[in-house]
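K.L.:
Below: one structure in structure tokens.
No lab work stands behind these numbers, since they all come straight from the coordinates. Predicted model, so just to flag it, every value in this text is computed and none were measured. Every residue, glycine among them, receives a Cβ derived from its backbone with ideal geometry; neighbour counts consider all protein chains shown.
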Amino acid sequence: MTTPSLLILPGDGIGPEVMGEVRKIIDWYGAKRDMPFDVTEDLVGGAAYDAHGVPLHDDTMAKAQEVDAVLLGAVGGPKYDDLDFSVKPERGLLRLRKEMDLFANLRPAQCFDALADFSSLKKDVVSGLDIMIVRELTSGVYFGEPRGIFQEGNERVGINTQRYTESEIDRVARAAFELARKRNNRVCSMEKANVMESGILWREVVTKVHAESYADVELSHMYADAGAMQLCRWPKQFDVILTDNLFGDILSDTAAMLTGSLGMLPSASLGAPMENGRPRALYEPVHGSAPDISGQGLANPIACILSFAMALRYSFDQGDEATRLEQAVEAVLASGARTADLMGPEGGTPMGTGAMGDAVIAALDASL
Ligand code: IPM
Ligand code: MG
């Protein structure tokens, strides 16, 4: 077997800092588990704009298509706020998603026991929470045509188009049902079939895929606004939530915040299998570039580390090693280790990015 290849795109803000800790973890797997990775690093987002005048260079895009998995830190920052829309840092990420055709975005929202007090909800509402949002990532209003700002008579009109084909809904629905089978076997699909034709089609196709291929999985439907309300009321009713690109963007931020630990949540964006059988894949933390704390060594590297755990599970078929890494993170949190974002009102001295990474390495060593 050839050594699996990784393209690392640290990006902007705290991206490079948290990715530095992931590099330590990758090295640990090479040294201690005989699992070497062939790692290349490149630029994305504002960092790529500074170097090349575009948020993703064509050469980087080509590399991303060749490797077994891409790990991304974060993109964006106030420095780039006034750039033309077409070269904004976010466009680099959206190009990767679109051209790699990463249609299934997996966003787990898990409440770590040690952190249940950090949620804005009551502890019993969130403790033990473990849900998975499957967000369609390559279509919908993010990409639909027509789009733009046009002159219409004596004023301008801004247009975006929500558009879904049957096959786009079909493939992401299958991804959600497959995942549910490995979890608690329940899928709740969210759209707005009450006001949107695309929502009507979404519900029809999901229902059909279910009846044809996944009747063993429990399926329910909810309007996305009611879903947002239910997420805040009693999130533990959900197992897998299946939804479109824009609703998924919003619902996944809501779900993430319920856990009280935005700095802790990873994500995987998966596409169709490549020739070697591995899915096209990009892994990234759910949090952003956090310009307010970047460059100070304060960022929490756990979301990025857990994104690498997802890579081990979904790209490299190393579920046991993924669990080892997740348990190492849990052990570190249980021991009371906290970065600044995890400091409660009782205060204390937070540890820095590097110290948190080292603590995870120590916990990995202890797991052997
Ligand atoms: C996300 C982000 C992105 C999105 C931005 C950075 C383009 O909010 O991954 O949720 O809107 O999809
Ligand atoms: Mg978002």
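K.L.:
Around ARG135, with a cut-off of 10 angstrom between Cβ atoms, what is the net charge of the other residues, counting Lys and Arg +1 and Asp and Glu -1?
P.N.:
-2
K.L.:
Which value in nm describes the separation of the simple spin-label points at LYS24 and ASP253, placed 7 Å from the Cα toward the beta carbon?
P.N.:
3.1
K.L.:
Along the charge dipole of the chain, which of VAL18, GLY271, THR353 sits closest to the positive end, that is, farthest toward it, with unit charges on the beta carbon of Lys, Arg, Asp and Glu (+1, +1, -1, -1)?
P.N.:
GLY271
K.L.:
Is the shape of the chain best called rounded, prolate or oblate, per the rule: a/c under 1.5 gives rounded, else a/b larger than b/c gives prolate, else oblate, with a ≥ b ≥ c the square roots of the Cα gyration tensor eigenvalues?
P.N.:
Judged from the Cα gyration tensor, the chain comes out rounded (a/c under 1.5).
K.L.:
Right, here's the next one. Can you classify region 223-357 as rounded, prolate or oblate using the Cα gyration tensor, where a ≥ b ≥ c are the square roots of its eigenvalues, rounded means a/c under 1.5, and otherwise it's prolate if a/b beats b/c and oblate if not?
P.N.:
oblate
K.L.:
Place a +1 charge on the Cβ of each Lys and Arg in region 1-140 and a -1 charge on the Cβ of each Asp and Glu, then give the dipole magnitude about the Cα centre in debye, rounded to the nearest 20.
P.N.:
340
K.L.:
Rounded, prolate or oblate: which fits region 130-258, taking a ≥ b ≥ c as square roots of the Cα gyration tensor eigenvalues, rounded meaning a/c under 1.5, else prolate when a/b beats b/c?
P.N.:
On the way: a/c = 2.45, a/b = 1.63, b/c = 1.50.
Since a/c reaches 1.5 and a/b is larger than b/c, the shape of region 130-258 is classed as prolate.
K.L.:
Next question, about the same structure. Quick one: work out the % antiparallel among DSSP beta bridges in the chain, nearest 5.
P.N.:
Restricted to the chain, the bridges split so that about 45 percent are antiparallel.
K.L.:
For the pair ARG174 and GLU204, how long in nm is the line joining their label points, each one 7 Å along Cα→Cβ?
P.N.:
Spacing of the two 7 Å Cα→Cβ label points: 2.0 nm.
K.L.:
Sticking with this structure for a sec: If each residue of separation counts as 0.36 nm, what is the full-extension length gain between PHE150 and THR349 once their alpha-carbon separation is subtracted?
P.N.:
66.3 nm
K.L.:
In region 1-155, with Lys and Arg counted as +1 and Asp and Glu as -1 at Cβ, which of these residues, VAL126, LEU94, PRO108, has the Cα nearest the positive end of the dipole, that is, farthest along it?
P.N.:
VAL126
K.L.:
Follow-up question, since we're still on this one. Which residues does the label zone of ASP317 cover in region 8-39, counting backbone N under 20 Å from a point 7 Å along Cα→Cβ?
P.N.:
From region 8-39, the list is 30, 33-38.
K.L.:
Using 0.36 nm per residue, how much length does the chain from ASP34 to ALA366 gain when fully extended, once their Cα-Cα distance is taken away?
P.N.:
Gain in length upon complete extension: 117.9 nm.
K.L.:
Tally Lys and Arg at +1 and Asp and Glu at -1 over the other residues with C-beta under 12 Å from the C-beta of ALA363: what net charge comes out?
P.N.:
Working: positive: ARG324; negative: GLU326, GLU330, ASP358, ASP365.
Cβ neighbours under 12 Å give a net charge of -3.
K.L.:
On to the next question. Most fluctuating residue of GLY347, GLY128, GLY260 in a GNM of the chain with Cα springs under 10 Å: which is it?
P.N.:
In this elastic network of the chain, the residue with the biggest mean-square fluctuation among GLY347, GLY128, GLY260 is GLY347.
K.L.:
Next question. Spin-label point model (7 Å from Cα, Cβ direction): what's the MET229 to ASP50 distance in nm?
P.N.:
4.6
K.L.:
Same structure, new question: Anyone know which of ASN160, ASN245, ASN276 comes out most mobile in the 10 Å Cα GNM of the chain?
P.N.:
The residue that fluctuates most here is ASN276.
K.L.:
Suppose every Lys and Arg Cβ carries +1 and every Asp and Glu Cβ carries -1, with no other charges. What dipole size does region 130-258 come out with about its Cα centre, to the nearest 20 debye?
P.N.:
Here the size comes out at about 340 debye.
K.L.:
Which value, in debye to the nearest 20, describes the size of the charge dipole of the chain about its Cα centre when Lys and Arg Cβ atoms bear +1, Asp and Glu Cβ atoms bear -1, and nothing else is charged?
P.N.:
The dipole of the chain has a size of about 620 debye.
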